[in-house]
1. For Val302, only one of the following conditions fails: (1) within 12 Å of the chain's Cα centre (by Cα); (2) over 25 Å from Ala206 (Cα atoms); (3) buried (at least 17 other Cβ atoms within 10 Å of the Cβ). What is its number?
2. Listed residues Leu387, Leu372; which is of a type outside the set (Gly, Ala, Ser), touching a Ser or Thr at 6+ places or on another chain (Cβ under 8 Å), under 20 Å from Glu275 (Cβ atoms) and in a helix (DSSP H, G or I)?
3. Going residue by residue through region 389-405, is there one that turns out to be under 22 Å from the mean Cα position of the chain (by Cα), under 19 Å from Pro89 (Cβ atoms) and either β-branched (Val, Ile, Thr) or at pLDDT below 90 (or both)?
4. Condition test on Thr105, is it within 20 Å of Ile352 (Cα to Cα), at pLDDT 90 or above and in a helix (DSSP H, G or I)?
5. With outside any helix (DSSP H, G or I), crowded, with 19+ Cβ neighbours inside 10 Å and in contact with a helix residue (DSSP H, G or I) (Cβ under 7 Å, 6 or more places away or on another chain) as the only criterion, which of Val197, Val187 stands out?
6. Mind telling me which of the residues Ala237, Ala282 ends up being touching a Leu at 6+ places or on another chain (Cβ under 6 Å) and not polar (S, T, N, Q)?
7. Of all residues in region 244-278, how many are part of a helix (DSSP H, G or I), among the β-branched types (Val, Ile, Thr) and within 17 Å of the chain's Cα centre (by Cα)?
Amino acid sequence: MNDTPGWASPGSAPSEGRGQGQDEGQGAQVPRPAEPVDQTGPASNWSSKQPPAGQWSAPPPPQPGPGWGGPQHHGGWGAPPAAKPGVIPLRPLSVGEILDGAVSTLRTHWRTVLGITITVSVIAEIGNILITRYLMPEPLEIDSDADGEEALRQAVDSLQSTMLSTIPMMIIGLIATLFTTALLTMVISRSVLGKPVTIAEAWQEARPRLPQLLAVTLLLPLIAAAIVTVAALPGMALGGAGGAALAVLGIIAALPVAIWLMVRFTLAPSALMLERQGVFAAMRRSAKLVSGSWWRTFGIVVLTTLLSLIVSMIIAIPFSVAALATDDSGVSGFVSGDIPDYSWMYLIITGIGAVIASSITYPITAGVYVLLYIDQRIRREALDIELGRAAGLPGYGTESPPGATTGSQ
């Protein structure tokens, strides 16, 4: 246990065995019942005639003081508030506390967080602008008078062209997500302990884990894509309108399976970075932590995604309007429904909006995922005790909690 990112070993103090084995093998002495005292004998100074027993009433329970009276982790009703060395209290977190912790990290360590996100976002957006300007293929023309199989073929060709044209941007977005996830995970892990971290320190901690994180980042969407593709293969092999309908039905049936797996492995990047796990070990750890909390995890992921989209739209719309106002071809194309040939001015203005949106949404999304991982470990493995020790809080001691293990699970 130390105060660096990656503070906790996996599987410490599993919840399944917490509290067991306390009275076995520890030499505990069972108290004997007290011997009755004869108070009527000659050695007694008490009179044999005593007044009848009084009707005594129990004293009223003490009134809770400020900050008391609610159910707290590890203490029940009347326990004192949980310690809060950093951006979250060391106890199981509500959804609001997870979101607040992510925003608090951005607010508390804004120099480091914005330094990371703005740098990565600017580089990524420059790449997207160059791809849009020079590498984006011309859109396919669709005959509005076509019907039947011809209309379906044109729609499939247009979809394939769009997907192929977006692959370079998807790769750039993947790389940007990789670096922001790696660096921000280190920053957030320190912010939980109430300790600052510089960009150089975050990079030093994250750099050795980048290849494994890249493998996880690539593997998870590939698994989802493979599931959907396999489900669509029979329809694609059949061909025609019937085959297209069958492929659509297969995709619809496969999507819930892909979503279930993606949520199950949501915490894999955090486990990989903070526990220094391997790729498949991190995926197993994520599946174990999410087990029994799938719907809660799914709800938090959906809520975070919606909030990120809303924030991005709020920021991007004014820049898009301003960009259209400076580009005559953009306005005419927007009105006619055609895809216009946007000017440099349009791309630069919309790119600035995208950088600002990414600089805000990246840390919030990364913060929610890391804090969700920490919350699950607090609930299952009493990680709050380990975090208290790492933060140097009084009363947390130096010994490991009962049942703690140091190996991977």
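1. Unmet for Val302, out of (1) within 12 Å of the chain's Cα centre (by Cα); (2) over 25 Å from Ala206 (Cα atoms); (3) buried (at least 17 other Cβ atoms within 10 Å of the Cβ): (3).
2. Exactly one of Leu387, Leu372 is of a type outside the set (Gly, Ala, Ser), touching a Ser or Thr at 6+ places or on another chain (Cβ under 8 Å), under 20 Å from Glu275 (Cβ atoms) and in a helix (DSSP H, G or I), namely Leu372.
3. Start the filter on region 389-405 by keeping residues that are under 22 Å from the mean Cα position of the chain (by Cα), which leaves 390-391.
Next, only the ones that are under 19 Å from Pro89 (Cβ atoms) stay: 390-391.
After this cut, where a residue has to be either β-branched (Val, Ile, Thr) or at pLDDT below 90 (or both) as well, the list is 390-391.
Among the residues of region 389-405, at least one is under 22 Å from the mean Cα position of the chain (by Cα), under 19 Å from Pro89 (Cβ atoms) and either β-branched (Val, Ile, Thr) or at pLDDT below 90 (or both), which makes the answer yes.
4. The answer is no for Thr105.
5. Working: Val187 fails: outside any helix (DSSP H, G or I).
Checking each option against the conditions leaves just Val197.
6. Ala282
7. Of the residues in that region, 2 qualify.
For every residue, the table says whether it meets (1) touching a residue at least 12 places away in the same chain (Cβ under 8 Å); (2) on the phi > 0 side of the Ramachandran plot; (3) of a type outside the set (S, T, N, Q).
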{"position": "Val248", "(1), (2), (3)": "yes, no, yes"}
{"position": "Thr266", "(1), (2), (3)": "yes, no, no"}
{"position": "Arg285", "(1), (2), (3)": "yes, no, yes"}
{"position": "Ser293", "(1), (2), (3)": "yes, no, no"}
{"position": "Thr297", "(1), (2), (3)": "yes, no, no"}
{"position": "Val302", "(1), (2), (3)": "no, no, yes"}
{"position": "Ile314", "(1), (2), (3)": "no, no, yes"}
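The values are calculated or read from the model by the stated rules, or taken from the named source; none is laboratory data. Predicted, not measured: the structure shown is a model, and the values here were computed from it. Neighbour counts run over all protein chains shown; Cβ positions are idealised from the backbone, glycine included.
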